[in-house]
Amino acid sequence: MSDLKFHLQPGGQLSGKIRVPGDKSISHRSIMLGSLAEGVTEVSGFLQGEDSLATLNAFRQMGVRIEGPEEGRVTIYGVGMAGLQLPDGPLDLGNSGTSMRLLSGLLAGQTFDVTLTGDASLSGRPMRRVTDPLALMGAQIETEAGGMAPLVISGGASLKGIDYPMPMASAQVKSSLLLAGLYAQGETCVTEPAPTRDHTERMLRGFGVAVTRRGHQVCLTGGGKLQATAVDVPADISSAAFFLVGASIAEGSDLTLQHVGINPTRTGVINILREMGAHIELLNERSSGGEPVADLRVRAAPLHGIEIPLEQVPLAIDEFPALFVAAACAEGETVLRGAEELRVKESDRIQVMADGLIALGVDAQPTQDGIVIQGGGIGGGTVTSHGDHRIAMSFAMAALRASGPIEILDCENVNTSFPGFSGLSKQVGLNIEELK
Ligand code: S3P
C-alpha cells in the first residue's frame, strides 16, 4: 500500500476551463504502432502517466529509439515489423493491463523470447482471455497458475489467422488478437458481443493497414507494413469523467473540459449522466487525427437515479466508480447490471466502491454483476482506494457533496493515468490536499 493520501474538505464548486491529460488507450497504441512502423511518428498530447510510460519503456528496451515525452510530445523512430530486438530482461508493465494484454499479442509473433511482468494488482488479473485465443493462433505463452502474469512468450512461433467469437466485450482482447494478426498468415477476425473502444482499428487504418468491419466483426490480413504518421492524442474522457461528475453534483459549478475525445465507443459516461439529468454540452465538435473531439461544458444539475441501460455498460466501463458517486448524490435508486467485468479491473471495483460508499454512509448493495445505490447524502470518513487510481479520484469528487471531510488512502497510483490530478482539481475548486 502506498503512503500517499488525499484529504478533502467538504463542499465547493468546480469552475473554469481545463484540459485533462491525454487518452491512455490512444497513448499506448501510438507507441506500439509507431514502433512497428516504417518512418518517424510524431505524437502530441501523449499521456505522461505511469501506464503509458511502461509501454514506452518496453519498446525502448526492445531497441526502439524514442525521444520524449516532453510536454506530451514523443518522437518514435519506427523499426518496421521485423525490427524489434531481444530486450535485456523482463518487461515490467507495472499496473497496466492494456500494456500486458496488447503486448502479449504483438510479441507472440516475434523471433525472440520475452517475459512480461507487473505489480501485485496486474499479477492477479486474468490473462487467459488473451493467452487462450493467442494459443489458437499458434502462440507459445506460459502463464502462472490460474492464467496470471508473469507471462513467458516464446519466440519463433508461426501464427495463423483465426475467426474468434470473443466471449466478453473487451477492447484489450480484440486489440491483442489484431496485433498478433499483423504477424499471422491469412485473415484474423474478432467478433465482439457488444461494441468496445475501436482505437486500435482507427489507428491501424491511420498507419495504412486495411481493417474491415462487418457488423460486430472486425478483420485484418497479416503480412503488411505500417507507415509512420502523426498522432494527436485527445484529452482522456475517462479522466474528464471525474470532473463531469464533480461539476454535475456541486451546486453552482460551470466547468469546460477542452479537447476531449468523444469517440462513440467511449461516451457512455455522457449518455448515462444525461439520462440522470446532467447538463453537459458538446461544443466545437471536430475531428483530430481520426478521432472525434469536443469541448465539454458541464453545469450543476439535479440528478435522479436510473436503471443503467445494458448497452451503455461497455461504453462506460472505466467510468463506473465516478458514476457511482453521481448515483449517491442523485434522488432515488440507481441500478447497474451486466458489469461483472468491473470485478477484474485494477481492483474489484464493485466491492471496493461499495465498501467506500458504505463507509461514507451511503446505502450501496453490491451484486454479482453490478450494484444498487440509494441516492441521498454522503457523509465524511476514511476510504481506501486499494491502489486503484479511478477509485481514489472518484471519492475525491464525492467531497463536493459530503457533510464532513473525506480521507482517501493509497492514492499513489493516480499517477498511472492522471499525473497532476490534485493540482488541477484544486485549480478548479476542489478542496484537496496530498499528504505523505
Ligand atoms: C482498454 C480497454 C478496457 C479498459 C481499459 C483500457 C484499452 O479494458 O477498461 O482501461 O485500452 O483497450 P477491457 O478490454 O478489459 O474492457
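A few comments on the model shown:
- In the set 123, 104, only one residue is in a helix (DSSP H, G or I), of a type in the set (S, T, N, Q) and crowded, with 24+ Cβ neighbours inside 10 Å; that residue is 104.
- As for region 198-214, it holds no residue that is outside the structural domain of residue 158 (by TED's automatic domain parsing), out of contact with any Pro (no Cβ under 7 Å at 6 or more places or on another chain) and surrounded by fewer than 20 Cβ atoms within 10 Å (Cβ to Cβ).
- All of (1) within 16 Å of the ligand (Cβ to nearest atom); (2) buried (at least 22 other Cβ atoms within 10 Å of the Cβ); (3) over 17 Å from residue 222 (Cβ atoms) hold for residue 114 with one exception: (1).
Table: residues versus (1) among the β-branched types (Val, Ile, Thr); (2) touching a Leu at 6+ places or on another chain (Cβ under 9 Å); (3) without any contact (Cβ under 8 Å) to a residue 60 or more places away in the chain; (4) surrounded by 18 or more Cβ atoms within 10 Å (Cβ to Cβ).
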{"position": "347", "(1), (2), (3), (4)": "no, no, no, yes"}
{"position": "355", "(1), (2), (3), (4)": "no, no, yes, no"}
{"position": "365", "(1), (2), (3), (4)": "no, no, yes, no"}
{"position": "368", "(1), (2), (3), (4)": "no, no, yes, no"}
{"position": "375", "(1), (2), (3), (4)": "no, yes, no, yes"}
{"position": "390", "(1), (2), (3), (4)": "no, no, no, yes"}
{"position": "393", "(1), (2), (3), (4)": "no, no, no, yes"}
{"position": "398", "(1), (2), (3), (4)": "no, yes, no, yes"}
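- When we screen 133, 87 for residues that are in a loop (DSSP other than H, G, I, E, B), in contact with a helix residue (DSSP H, G or I) (Cβ under 8 Å, 6 or more places away or on another chain) and surrounded by fewer than 24 Cβ atoms within 10 Å (Cβ to Cβ), the only hit is 87.
- Considered as a group, the residues in region 286-314 that are at pLDDT 95 or above and touching a Pro at 6+ places or on another chain (Cβ under 7 Å) include one that is farthest from the ligand (Cβ to nearest atom), and that residue is 293.
- Inter-residue pairs, beta-carbon under 7 Å, first touching a residue at least 60 places away in the same chain (Cβ under 8 Å) and in region 1-13, second of a type in the set (A, V, I, L, M, F, W, C) and loosely packed, with under 15 Cβ neighbours inside 10 Å, 6+ apart: 5/435; 7/435
- One residue stands out among those in region 148-190 that are farther than 21 Å from residue 223 by Cα and outside any loop (DSSP other than H, G, I, E, B): the one that is farthest from the ligand (Cβ to nearest atom), which is 152.
- Some residue of region 198-206 being touching a strand residue (DSSP E or B) at 6+ places or on another chain (Cβ under 6 Å) and within 16 Å of residue 315 (Cβ to Cβ): yes
- Considering region 320-413, there are no qualifying helices (runs of 4 or more DSSP H) wholly inside with 1 or more residues that are assigned by TED's automatic domain parsing to the domain that holds residue 124.
- Which numbered condition residue 244 fails, given (1) buried (at least 24 other Cβ atoms within 10 Å of the Cβ); (2) within 16 Å of the ligand (Cβ to nearest atom); (3) assigned to a helix (DSSP H, G or I): (2)
- One residue alone among 269, 209, 293 is in contact with a helix residue (DSSP H, G or I) (Cβ under 7 Å, 6 or more places away or on another chain) and at negative phi, and that residue is 269.
- Filtered residues of region 315-329 (kept if of a type in the set (Val, Ile, Thr) and away from the ligand (no atom under 16 Å from the Cβ)): 325
The values are calculated or read from the model by the stated rules, or taken from the named source; none is laboratory data. Computed from a prediction, not measured in an experiment: that's the story for all the values here. Cβ sites come from the backbone with ideal geometry, for glycine too, and all protein chains shown count toward neighbours.
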